[in-house]
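Note sheet for the following structure.
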Amino acid sequence: MFASICGQNTPLEVSSTPAGLPGRGPRSLAEFAYTFSPLVEETAADTVVIDVEGCALRFGSAYELVDQIAKQAKSTAAGGLGCKVNVALAANPDAAIHAAKFCEGVTFTAPGEELTCLGNLPLKALQYSLVGIEEKQAAEILETLKLWGVRTFKEFAELPVTGVSERLGQDGLKLQQLASGKTNRHLKLKQAEPVFTNSIELEYPIVELEPLSFILARLLNQICASLNSYALATNAIQVEMKLENGATHELKLNLPYPMRDHKVFLKLLLLDTEMHPPPSAVVAIFINCEPVKPRLLQTGLFIPLAPEPEKLELTLARLAKLVGPANIGSPELLDTHRPDAFRINRFELKESKRGRAKGKGQRAKGKGETGNSNSKSEIRNPKFRLGFRVFRPPLRAIVQAEQGYPREISAWDKNRSVYGRVVCLAGPWRTSGDWWRSDLWARDEWDVGVESNSKIGAFPQPVLYRIYRELRSKEWFVEGVYD
């Protein structure tokens, strides 16, 4: 047995969100049908067909089920549509569709008695698309039937099958069976939309983290199971908690790469909850995630394996809890002349893209090309390399200067010390900027060589340092040393 549900002229989409939980959008007729049967065919936006075979164990007989569908559709509470619908019960889905579309209220059609309900319908009401006939071909057949004086389903069904086959062909026979209510086909099942949300209303408020972790683990396990069933992952999770005082508390996880491990999600949420605890007891929880394609990574046989991304994300979350989220990440130099200006970005793993192998012509050119050999050899020659080690923080120094030129330096801290006479120098180089800000900078920089005991041959070798003088405070600092 099949039941068809057809909406009337009232809207078929109304809000059906339980009170106290975030909204999930309008409820469609197909979603309403899934509450009664898992086998649903959506023939149009306002018409669905469900297979009610076996539903009697839950809802009673098929007739009681149809009455319950019509009653629940009128309800404006959660699970209802808030509008009237036509419901028809028939032995095949096509007969149920015609009865639901053109018969108001609840209609019962016994097997073999389809024409009792559908016989007086006009031929223009015939849903030819149900048997796979194109509009142009169906219009020609219906025009021929009109010329014959055939006006209703019953008159068309009473025509001899042989004559219809000879004059109208196989398409005519399909339309005749459709008008007779004797078609036999399987439902074109509508796949349910994947749901990657989960919610729960608690029986009592939760204050401690341990019972909250059990609730989060249950919700995350169901969401990750849905992601696995659709071969998807997620890189963004939103958690909304309804608190006892009526407010809401939000937690958001923005992952640098897609994952679907509920254990990792749980640990990350618990660490975030410890850093940002809700101000009141929790009475309801709603979790939503954004599904994306999973991260695919294939390494070569001779490439060492990188650390697992999940473990790295947990390590970063634990470090963020200890030192704060603003103090962990990867440094990025800023596009400014301010000395040593950088910011901390969120650490992300970037997959290296290996270039394609060069062609024979390119390989041959690489072997024989010597145009830039001199410059390359100079770059690779360690003699021309010069490194600079920055002191963090810079050493505060006492500098003796003559006519503005540094002559002797004395600076120290717990780990290092710089002192001695300046034997060579270069500078000064004045830099300044951000005069409109409170942390503006203006300083003179020098490269100085300080005498030392190390010698190359018979001559002492000075140590090269970078020093600078703050123009506002008139103080000297040692910024670093050249290697």
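No lab work stands behind these numbers, since they all come straight from the coordinates. Since we're looking at a predicted model, the values are computed, not measured. Cβ atoms come from the backbone with ideal geometry, glycine included; neighbour counts cover every protein chain shown.
General observations
- Using the Cβ-Cβ distance between Asp413 and Glu332 with R0 = 25 Å, the FRET efficiency computed as 1/(1 + (r/R0)^6) comes to roughly 0.35.
- Site pair His276 and Glu158 shows an inter-label distance of 7.5 nm when each label is modelled 7 Å from Cα along Cα→Cβ.
- Of the GluC sites (Glu not before Pro) found in region 61-140, those in coil by DSSP whose Cβ has at most 11 other Cβ atoms within 10 Å are Glu104, Glu134.
- Sorted by Cβ neighbour density within 10 Å, fewest at the top, the residues His98, His249, His186: His186, His249, His98
- Net +/- balance of residues flanking Cys55 in space, Cβ distance below 14 Å, scoring K and R +1, D and E -1: -3
- Paramagnetic reach from Arg318 (point 7 Å along Cα→Cβ, amide N under 17 Å) across region 258-276: 263-275
- Cut-off under 5 Å, modelled amide H: who pairs with Tyr419 long-range: Ala411
- Taking Ser226, Ser432 and counting other C-beta atoms within 10 Å, the order from fewest to most: Ser432, Ser226
- Backbone HN-Hα couplings from phi across region 100-108 [Karplus 6.51/-1.76/1.60, Hz, Gly and Pro as x]: 6, 6, 10, 10, 7, x, 9, 10, 10
- Backbone HN-Hα couplings from phi across region 171-183 [Karplus 6.51/-1.76/1.60, Hz, Gly and Pro as x]: 5, x, 5, 4, 5, 5, 5, 5, 5, 7, x, 10, 5
- Solution diffusion estimate, µm²/s, Stokes-Einstein, region 197-292, Kirkwood Rh from C-alpha pairs, 10 °C, viscosity 1.306 mPa s: 118
- Seen from Glu64, the other residues with C-beta closer than 14 Å to its C-beta sum to a net charge of +1, counting Lys and Arg as +1 and Asp and Glu as -1.
- Hull volume in cubic angstrom per residue (convex hull over the Cα atoms of region 388-482): 110
- Cut-off 10 Å between beta-carbons: net charge of the residues surrounding Glu470, Lys and Arg +1, Asp and Glu -1: +2
- Overall, region 113-201 carries a charge dipole of about 120 debye about its Cα centre when +1 sits on the Cβ of Lys and Arg and -1 on the Cβ of Asp and Glu, all other atoms neutral.
- Counting every other Cβ atom within 10 Å of each residue's Cβ, Cys424, Cys224 order from fewest to most as Cys424, Cys224.
- Relative frequency of Cα-Cα separations exceeding 24 Å in region 2-180, percent: 43
- Only Cα pairs under 8 Å and 6+ residues apart enter the sum, and on that basis the relative contact order of region 135-187 stands at 34 percent.
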